[in-house]
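What follows is a set of notes on a single structure, which appears directly below.
Values in this text are rule-based calculations from the coordinates and carry no lab data. Everything numeric here is computed off the predicted structure, so don't read it as measured data. For neighbour counting, all protein chains shown are included, and Cβ atoms are generated from backbone atoms with ideal geometry for every residue, glycine included.
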Amino acid sequence: MLDFTELYRAAPCKPVNLGKIDPSETPGCKFADDAEQETQSLLERMFELQELLYATKKQNLLIVLQGLDTAGKDGVIRHVFRGLNPEGLRVASYKAPSSEELQHDFLWRIHRNAPTKGEIAIFNRSHYEDVLVTRVHDLVPEKVWRQRYGLINDFERLLSLENNTLTLKFFLHVSPDEQLARFKVRLDEPGHQWKISSSDYSERKFWREYTEAFEEAISETSTEIAPWFVIPADHKWYRNLVISQIIVRALESFKLTTPAPSVDVEKIRREFEMAESELTPKDRKQVLKRVEKKERTAASAK
């Protein structure tokens, strides 16, 4: 299996040309069935690593998902993170800022959703909207959105230095033809019509402008502590495989180990044995059956 981290990472301080990256490419895996099997294995490994992350509470992970309409941000959240423990997971979705949010700096609403130690946070859209939408639609002067690149880099550096946060940023690269096909699904399937937005087609007129905005934002803000990855997203199964592998390898790089217990285990064991000794033979037998059942379940899950 290819190392997707190296294949799709945007090099720091180097120009990005999205036109040279095929949104429909699938190097490393030709068939959806094979990809789904590998993805499932990766998701099981991700669950194990999330448990260690949550238990140690020394590091955390921020996932940023960006892309044009229908690129698959919601789909990634549903499929890639479906097996994780919600207790250690946070999802924040960013729409147009509210009147209260507009009274603060553009990072105010973002910072309060940053992950705590031991947590994985997922941003569905993010602070990058303030160098994308604001640029394309001239919502603020160029000197304002352009200086935000440096502020974003400082913010992500702050998260890294102050709270041990690794930020992984994914641009879901979808083609215009695939976007149109997904719009048709929304129109034709009643179960998907709730996703239709009045801006679906009007925003397509700005495809070139958004492409240029993404290219510059990625090249200006891809760093070692907060890298960008340009993910071919025309094939959902490939998109999920690539993102899953990148996240798993990032978590593995933390070199997480099971933390030592915070209590006197032998003291607790003596208290347990005392409680067990007070059981009737019948109740003790039931406890033993429950333990054996749990051990079989744990073994079959490995």
- Query: From the residues F206, L256, T165, which one has its Cα farthest along the dipole of the range 139-260 in the positive direction, the dipole being from +1 and -1 charges on Cβ of Lys/Arg and Asp/Glu about the Cα centre?
  - Reply: L256
- Message: Tell me the angle of helix 265-277 to the major Cα principal axis of the chain, expressed in degrees between 0 and 90 and rounded to the nearest ten.
- Response: 50 degrees
- Query: Rounded to the nearest 500 deg cm²/dmol, what is the calculated helix-only ellipticity per residue at 222 nm for the chain, with -39500 (n - 2.57) per DSSP H run of length n ≥ 4?
  - Reply: -16000 deg cm²/dmol
- Rounded to the nearest 10 degrees, the helix 281-301 long axis (Cα) sits at an angle to the longest Cα principal axis of the chain of 30 degrees
- Message: Only counting other Cβ atoms within 10 Å, I'd like K205, K236 sorted with the fewest neighbours first.
- Response: K205, K236
- For helix 142-163, what angle does its Cα long axis make with the longest principal axis of the chain, in degrees from 0 to 90 and rounded to 10? 10 degrees
- Task: Would you work out which of T223, L68, A55 lies farthest towards the positive end of the dipole of the chain? Charges go on Cβ: Lys and Arg +1, Asp and Glu -1.
- Result: A55
- Query: Using a simple charge model, +1 on the beta-carbon of Lys and Arg, -1 on the beta-carbon of Asp and Glu, nothing else, what dipole does the chain show about its Cα centre, in debye to the nearest 20?
  - Reply: 760 debye
- Task: Select from the range 207-302 those GluC sites (Glu not before Pro) which occupy a DSSP coil region and have at most 16 other Cβ atoms within 10 Å, ordered by residue number.
- Result: E224, E278
- Item | Positive dipole terminus of the range 1-110, leading residue within S93, I21, F4 (C-beta point charges) | S93
- Proxy reagent accessibility, fewest Cβ within 10 Å first, across E203, E25: E25, E203
- Given a cut-off of under 8 Å on Cα pairs at least six residues apart, what relative contact order in percent is computed for the chain? 32 percent
- Query: Counting only DSSP beta bridges with both residues in the chain, what percent are antiparallel, rounded to the nearest 5?
  - Reply: 5 percent
- Task: Specify the residue with the greatest mean-square fluctuation among V80, V133, V291, computed from a Gaussian network of the chain linking alpha-carbon atoms under 10 Å apart.
- Result: V291
- Taking the Cα centre of the range 98-178 as origin and charging only Cβ (+1 Lys, Arg; -1 Asp, Glu), how large is the dipole, in debye to the nearest 20? 220 debye
- Distance from the Cα centre of the range 65-126 to that of the range 132-168, in angstrom? 15 Å
- Item | Total charge dipole magnitude, the range 67-218, about the Cα centre, Cβ charges on Lys, Arg, Asp, Glu only, Debye to nearest 20 | 280 debye
- Near the amide H of H173, under 5 Å away, which other amide H atoms are found, from residues 5 or more places off or on another chain, if H is placed in the peptide plane? I231, A233
- Using θ = phi - 60° and the Karplus form 6.51 cos²θ - 1.76 cosθ + 1.60, what ³J(HN,Hα) does each residue of the range 47-58 get, whole Hz, x for Gly and Pro? 4, 4, 5, 5, 4, 5, 4, 5, 6, 7, 6, 10
